[in-house]
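Input: a single structure, listed below in structure tokens.
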């Protein structure tokens, strides 16, 4: 099977000055993930982790470095990773001291008997497995501080604007040459959230889901409504019933919009390599690679393709 990887940079209204940066970021992430898929021992799980780490390290995205701030001015991050072979998952919630929450989530999946750790317990586990802790302030950007100050200064006057721009969770789904699937999703949450608020991202079946028998999905958008409809599992469930990846992601997001007035986006890949990308917000930066062809877009119905030059040296 030809490997495939899809990434998203979050469903939101993206300011004009950030649009090219978002697109550059998702392209870097998808290329990094695909390079992993092409390596001799590269797996879908390795690929989605690598792709999401690229976006966690990029301050233009609301994940890792650049995460949104709580009402108290702190970073609290959530992440999930899941593989489709045994449907094992690892997740973190409200972590503040790790640079790459998705990598800690993977450590939890592979080196513990649990699925989800939060806060101080997650930090303790990180130390046990040898992941370095950092100072929370290292993850704070001027952009995130400005957004929080804007919210505090104008409150309700800009609340809707803040919410529209704050759904830029990042994620990736992939299928490797062996037919195995994986997903990963990471976020800093929403600006001015209450301390301890956890969204959909670290919840299996909401922020991400993977099953080798069906497909894999990663979601982005209003976390509380995504949780209420278990969006990623809903999408893969529709695929299980016979829908194509494209039709399933469209139907899943329309269901969320009509049933609970929730807006967002999702990416998915089926167990035969079909691709689904859709969003009900103004923008969602996304990209996928299959062979040396990359597809990408930002606006509804936008699908641009390009040939990726592969270094054969």
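Readers should treat all values here as calculations from the given coordinates under stated rules, not as data from a laboratory. Since this is a predicted model, take the numbers as computed values, not measurements.
Descriptive notes on the structure:
- Full extension of the chain between residue 308 and residue 177 gives 45.3 nm of extra length, using 0.36 nm per residue less the Cα-Cα distance.
- Estimated [θ] at 222 nm from DSSP helical runs (n ≥ 4, -39500 (n - 2.57)) normalised by residues in the chain, nearest 500: -11000 deg cm²/dmol
- Overall dimensions of the range 112-259 by Cα: Rg and Dmax, Å: 17.6, 53
- Mean separation of Cα contacts under 8 Å (6+ apart) over length of the chain, as relative contact order %: 23 percent
- Added length on full extension, which subtracts the Cα-Cα distance from 0.36 nm per residue, residue 24 to residue 72: 14.2 nm
- Each 10 Å bin from 0 upward holds the following percent of the Cα-Cα pairs of the chain: 7, 32, 38, 20, 4, 0.
- The range 70-140: relative contact order in percent, alpha carbon pairs under 8 Å with at least 6 residues between: 31 percent
- Stretch gain in nm, segment residue 146-residue 114, where the contour uses 0.36 nm per residue and the Cα spacing is subtracted: 7.8 nm
- A viscosity of 1.306 mPa s and a temperature of 10 °C, combined with the Kirkwood radius over Cα pairs in Stokes-Einstein, give a translational diffusion coefficient for the range 28-88 of 123 µm²/s.
- Here the Gaussian network model covers the chain, with springs between Cα atoms less than 10 Å apart; of 293, 190, 71, 293 fluctuates the most.
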